[in-house]
Amino acid sequence: DEDWTEMLGGADGLLYFSVQDSSGVEPRQRKYWASDGTAAGSEQILSFPVGATANLAEFGGQTLMLVADYESPTWQLYATDGTEAGTFLVTTGDGERRNQGDAVFGDDWMLFATSEGLWLSDGTAAGSELLPDTRNYFVHQALDGWALVSGPQDGRGVEFALLDPTDGSMVELPEIEVGEAGTEVYRVLVAGAALWTTAFRSDVGFELFRLDLAEWLTPAPQALFADGFESNDTAAWSSTVP
């Protein structure tokens, strides 16, 4: 017996999903499938212990699956054409994934968090590296060529930064909680040129905070003759507290 468990998404005209063995016979497995929407065009391509999770991405002319096998503290990166014969291991690394959703994808790169730190990859073994001094970091969103991350920073506690995927360098964003204590980040959303986060700060508790990111983002095309001007002041966070 098998139960549908997860829709991974579509890539190159195929739908990828997983089903979980619910027979009760150990060891139980989670099986990953690709389908073109027909019985003849549906095929199991991978199988892992039931606790495994996966992310799907399409770039560099290939479809990639990032799989975390929680039976061992490792992750695996596979390339696939949607068939078992055309699915192969690109590279693997140490460190448990922080959580299933803790991975972001750009046009030609991926960034994901493990217990060892942040891994940056271009989808090849040679182009996959563990970034130094990134243990306990989280990744949140791909953003106009950057990756939005948060983690412990020297003298600042846990705060946000923008990571440059071309070289792994970071630009630290203004602190929510000034000083070494830092803050606790919960929900994160970027809409337009604004970063919104629900965070805990010692003087106000749990609040909604906003940071204008226009300074770091490529401005949207504007009409030749604009009706007005923007201050473009990006110096500090604002919050719901008066």
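The values are calculated or read from the model by the stated rules, or taken from the named source; none is laboratory data. What you see is a predicted model, and the numbers here were worked out from it, not measured in a lab. Note that we place each Cβ from the backbone using ideal geometry, even for glycine, and neighbour counts take in every protein chain shown. Ligands, DNA and RNA are stripped out before the accessible areas are found, and what is left, the full protein with its side chains, is counted by its heavy atoms. Shrake-Rupley method; radii C 1.70, N 1.55, O 1.52, S 1.80 Å.
Observations on the model:
- From S115, S128, S121, residue being more than 22 Å from A214 (Cβ to Cβ) and surrounded by fewer than 15 Cβ atoms within 10 Å (Cβ to Cβ): S115
- Pair list, Cβ under 7 Å, 6 or more apart: segment 116-127 residue on the phi > 0 side of the Ramachandran plot, other residue among the aromatic types (F, W, Y) and outside any strand (DSSP E or B): G117/Y137
- In segment 166-178, the residues that are touching a strand residue (DSSP E or B) at 6+ places or on another chain (Cβ under 6 Å) and either touching a residue at least 24 places away in the same chain (Cβ under 8 Å) or outside any strand (DSSP E or B) (or both): G168, V171, L173, E175, I176, E177
- The requirement of being surrounded by 10 or more Cβ atoms within 10 Å (Cβ to Cβ) and at pLDDT 90 or above is not satisfied by D21.
- Screening L162 with (1) farther than 22 Å from S115 by Cβ; (2) assigned to a loop (DSSP other than H, G, I, E, B); (3) open to solvent by less than 20 Å² (accessible area, probe 1.4 Å) gives one miss only, at (2).
- With a requirement of 2 or more residues that are modelled with pLDDT under 90 and hydrophobic (A, V, I, L, M, F, W, C), the strands (runs of 3 or more DSSP E) lying completely within segment 179-242 that satisfy it span 184-191.
- Filtered by the rule that a residue be part of a loop (DSSP other than H, G, I, E, B) and modelled with pLDDT under 90, segment 109-122 gives S115, E116.
- Check on E43, buried (at least 16 other Cβ atoms within 10 Å of the Cβ) and over 17 Å from the mean Cα position of the chain (by Cα): yes
Listed here are the residues, each with its yes/no results for (1) modelled with pLDDT under 90; (2) within 30 Å of D167 (Cα to Cα); (3) not in a strand (DSSP E or B).
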site	(1), (2), (3)
Y32	no, no, no
A54	yes, yes, no
G86	no, no, yes
G93	yes, yes, no
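- Within segment 165-185, being more than 30 Å from G123 (Cβ to Cβ) and open to solvent by less than 60 Å² (accessible area, probe 1.4 Å) holds for P174, E175, I176, E177, G179, G182, T183.
- Residue count for segment 66-84 satisfying the condition of being touching an Asp or Glu at 6+ places or on another chain (Cβ under 8 Å), outside any strand (DSSP E or B) and surrounded by fewer than 18 Cβ atoms within 10 Å (Cβ to Cβ): 5.
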